[in-house]
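Data first, discussion second: the structure below is written as structure tokens.
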Amino acid sequence: MTHQNTQAIPDIHIGRVYDRRDPECEIHYETFARLADFFGRNTPVHRHYCFFQLHVLERGAINLDLDGQVYRGQAPLLIFTPPTVAHAFYSEEDTDGHVLTVRQEVVRNWFRAMPGQWPDSLLRSGGFFEIAALPAECQPDYRALIQALSLLQAEVERSAPGRSALLLALGECAFIHLGRLLLAGQPLQGLRPERSEDLRVFMQFCDLVEAHFRDHWTLSAYAGELAVTEARLNDICRRVAGRPSKEVVHERVLQEACRMLRFSAVPVSEIGYQLGFADPAYFSRFFTRRTGLPPSQYRQEGGR
């Protein structure tokens, strides 16, 4: 995917959109699985203005478009995204790990306080590393990074004196170990052209699904917009995501239904209409078939 107009790329402010307890926080931590549950596993292209973001995945696999370069990687892996760099991804269902988002001036102040130790270019480019490919001498820094992120996770879930200061200290610790890994590691090369083209088509399909899943487009409409045959689109989805194209669309509809049931007070019948179902009973059957619970019971049980 090549995006010429950066203003058209959505800017996601994690604190305001996802976690409103502290919308203007300087440092934000969440597990990858929880963010994927909220935003979806097929997350369309977006950016984070004024924030650095670090993903450290400990299990699963991910397809990534990072500033127009496409990758596929198996956990454990690391993704580093500087501010405003566009990225999109599709992760396997069991993928989980850590996501750390830090305001850019905080990160720059950390590294400015260590003059001469880091190249100016270190924080300018995105990075994608499989941990197994890093030199053996990097493994202690990877383990220390995981430890710092685990401590961050524990502290985020507490309310104790000195919490803000400790979060910043642990964040700085994590970024120092990240900096060492960025210096030592060689980013993965993008996929070979034929695989790259398949992934580009797939992620463009995910973008279209994001825009039109409420409209219940037919698969032939998606394929026509992508200038491929319906059979080729289905084949690409099976090879890239391990599921047919119809299932990718249905997963997105289901994910939005779950989100609305958990985070809104919109009546169940109205949710069906908002998701493009002409008949509330049809929406209920669709949801029950996929989750094992009718929508009203899913809401009552808190989305478990």
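The values are calculated or read from the model by the stated rules, or taken from the named source; none is laboratory data. Since this is a predicted model, take the numbers as computed values, not measurements. FYI the Cβ positions are ideal-geometry reconstructions off the backbone, even for glycines, and counts take in every protein chain you see.
A few points about this structure:
- Enumeration of residues in region 144-159 that are at pLDDT 90 or above and surrounded by 12 or more Cβ atoms within 10 Å (Cβ to Cβ): ALA144, LEU145, ILE146, GLN147, ALA148, LEU149, SER150, LEU151, LEU152, GLN153, GLU155
- The residue pairs whose first member lies in region 43-63 and is over 14 Å from ALA241 (Cβ atoms) and of a type in the set (Ser, Thr, Tyr), whose second member is at pLDDT below 90 and part of a strand (DSSP E or B), and whose beta carbons are closer than 8 Å, counting only pairs six or more residues apart or on different chains, are TYR49/ASP11.
- The residues of region 63-78 that are of a type in the set (A, V, I, L, M) and in a loop (DSSP other than H, G, I, E, B) amount to a single one, ALA75.
- Number of the condition not met by GLU137 [criteria: (1) acidic (Asp, Glu); (2) over 27 Å from VAL209 (Cα atoms); (3) in a strand (DSSP E or B)]: (3)
- The set of residues from region 160-179 being of a type in the set (A, V, I, L, M, F, W, C) and surrounded by 20 or more Cβ atoms within 10 Å (Cβ to Cβ) comprises LEU167, LEU170, ALA174, PHE175, LEU178.
- Among residues of region 95-117 being at pLDDT 90 or above and in a loop (DSSP other than H, G, I, E, B), the one that is surrounded by the fewest Cβ atoms within 10 Å (Cβ to Cβ) is ALA113.
- Failed item in (1) without any contact (Cβ under 8 Å) to a residue 60 or more places away in the chain; (2) surrounded by fewer than 17 Cβ atoms within 10 Å (Cβ to Cβ); (3) part of a helix (DSSP H, G or I), with ARG214 passing the rest: (1)
- So ARG232, is it in contact (Cβ under 8 Å) with a residue 40 or more places away in the chain, over 20 Å from ARG214 (Cβ atoms), part of a helix (DSSP H, G or I) and not hydrophobic (A, V, I, L, M, F, W, C): no
- When restricted to residues that are part of a loop (DSSP other than H, G, I, E, B) and not hydrophobic (A, V, I, L, M, F, W, C), region 140-172 contains 5.
- Residues in region 286-304 that are of a type outside the set (Ser, Thr, Tyr), over 27 Å from LEU233 (Cα atoms) and part of a helix (DSSP H, G or I): PRO295, GLN297, ARG299, GLN300.
- Here ALA257 does not qualify as part of a helix (DSSP H, G or I), among the hydrophobic types (A, V, I, L, M, F, W, C), exposed (fewer than 14 other Cβ atoms within 10 Å of the Cβ) and in the same structural domain as CYS206 (by TED's automatic domain parsing).
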